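J.: What follows is a single structure, and I will ask about it in a moment.
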């Protein structure tokens, strides 16, 4: 733990979708560095419940759906009411959608747009209010290599991630004068439920094409996010950091 | 009526105090915050300064008029005071100078009700 002293002085990170996978790794990473963390998901995982029991007042969780505008605003309001500040926001909540665009149902497309893009925009709007008032903060959007390179079968998912990168660049210019930084982390393939749905052959093919020869761990992605969210990345804004073991190089 | 006048006084004081605080933070010269003073041309505030003022007032007055009223309709200190007066129901939305804001808020309420249906 790097931050000590009065609990009210501890920085606050908001992590969307923190109950499992990369979200849970992000929660752990910020907690390990002495931050307070607020997260939400549709339901708490057993692993998150363990953290909630162990961390006491440094970790809060609220039930919310990443596609619900009212739920996201209520969550952000609850965080600022309780801790009076938000130092970093990580827009991590997301969902995948594989298949041919020509055959996708409209309600499936809407669901991905709502969670991956609209939810991230609305949560960012709610959280940067606190940052503007304080004149400090950082936002990290979890993008994807699919937002940087084209891949068949993930058109809608790719569209949402590329859109997040667009928001990153524009918001970096908009909020830079208020000392608020905005960046994206574009992970390659890492051990997660989404990758778990790939066939063994598909996973082996990704590993073969990755110069580092393996998938990332969620903790490795979380470290890159922490670097950009914290003062370690104090002169970096408007950038997309690809963390993919060299897959797209 | 006396209570309403008192409340509008409070709103006007809060708006002016917040504008003054943000101007001081930006290093702008203090000037009299007359109702007709233009936020941009006269006071030198930028759009992000206005955002900071609105966010601070949202905490203090517990309302955000700009979910209904376009922020682009706000030009002067008086416009800002009126917007909060209308939003808080302290000014008749049909009163001179507030009609446009009243109409915008009524239309926004209708849009929200339509989305809920």
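J.: Of the residues A:224, A:172, only one is touching a strand residue (DSSP E or B) at 6+ places or on another chain (Cβ under 6 Å) and within 20 Å of residue A:27 (Cβ to Cβ); which?
T.: Every option except A:224 fails the conditions.
J.: Something else now. Do you know which residues across the range B:57-82 are under 14 Å from residue B:16 (Cβ atoms), more than 14 Å from chain A (Cβ to nearest Cβ) and in a helix (DSSP H, G or I)?
T.: Answer for the range B:57-82, where residues must be under 14 Å from residue B:16 (Cβ atoms), more than 14 Å from chain A (Cβ to nearest Cβ) and in a helix (DSSP H, G or I): B:61, B:77, B:78, B:79, B:80, B:81, B:82.
J.: Please list, ordered by residue number, the helices (runs of 4 or more DSSP H) wholly in the range A:141-249 having 2 or more residues that are in contact (Cβ under 8 Å) with a residue 40 or more places away in the chain, under 14 Å from the mean Cα position of the chain (by Cα) and farther than 30 Å from residue B:49 by Cβ.
T.: Per the criteria, A:155-175, A:218-229.
J.: For the range A:101-137, what are the residues that are touching a helix residue (DSSP H, G or I) at 6+ places or on another chain (Cβ under 6 Å), assigned to a helix (DSSP H, G or I) and within 14 Å of another protein chain (Cβ to nearest Cβ)?
T.: Across the range A:101-137, the qualifying residues are A:122, A:126, A:127, A:129, A:130, A:132, A:133.
For (1) over 16 Å from the mean Cα position of the chain (by Cα); (2) surrounded by 24 or more Cβ atoms within 10 Å (Cβ to Cβ); (3) more than 23 Å from residue A:191 (Cα to Cα), each residue gets a yes or a no:
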position	(1), (2), (3)
A:15	no, yes, no
A:19	no, no, no
A:27	no, yes, no
A:44	yes, no, no
A:47	yes, no, no
A:54	yes, no, yes
A:57	yes, no, yes
A:67	no, no, yes
A:74	yes, no, yes
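J.: In this structure, does residue A:183 turn out to be modelled with pLDDT of 95 or more and away from chain B (no Cβ under 14 Å)?
T.: Yes, satisfied.
J.: Same structure again: So, of the residues in the range A:15-56 that are touching a helix residue (DSSP H, G or I) at 6+ places or on another chain (Cβ under 6 Å) and part of a loop (DSSP other than H, G, I, E, B), which turns out to be farthest from residue A:139 (Cα to Cα)?
T.: Looking at residues that are touching a helix residue (DSSP H, G or I) at 6+ places or on another chain (Cβ under 6 Å) and part of a loop (DSSP other than H, G, I, E, B), I get A:19.
J.: For the range A:30-59, how many residues meet the condition of being farther than 16 Å from residue A:92 by Cβ, in contact (Cβ under 8 Å) with a residue 24 or more places away in the chain and touching a strand residue (DSSP E or B) at 6+ places or on another chain (Cβ under 6 Å)?
T.: 2
J.: Here is a follow-up. In the set B:54, B:11, B:15, which member is part of a helix (DSSP H, G or I), within 11 Å of chain A (Cβ to nearest Cβ) and surrounded by 15 or more Cβ atoms within 10 Å (Cβ to Cβ)?
T.: Of the residues listed, the single one that is part of a helix (DSSP H, G or I), within 11 Å of chain A (Cβ to nearest Cβ) and surrounded by 15 or more Cβ atoms within 10 Å (Cβ to Cβ) is B:54.
J.: Moving on. Report, by residue number, each residue of the range B:26-45 that is free of Cβ contacts under 8 Å to residues at least 12 places away in the same chain and within 14 Å of another protein chain (Cβ to nearest Cβ).
T.: Passing the criteria: only B:27.
J.: Here is a further query. Among the candidates B:94, B:98, B:103, which residue alone is farther than 26 Å from residue A:179 by Cα, at pLDDT below 95, surrounded by 15 or more Cβ atoms within 10 Å (Cβ to Cβ) and more than 14 Å from chain A (Cβ to nearest Cβ)?
T.: The conditions single out B:98.
The values are calculated or read from the model by the stated rules, or taken from the named source; none is laboratory data. Fair warning: this is a prediction, and the values are worked out from it, not measured in the lab. Here the Cβ is made from the backbone with ideal geometry for all residues, glycine too, and neighbour counts use every protein chain on show.
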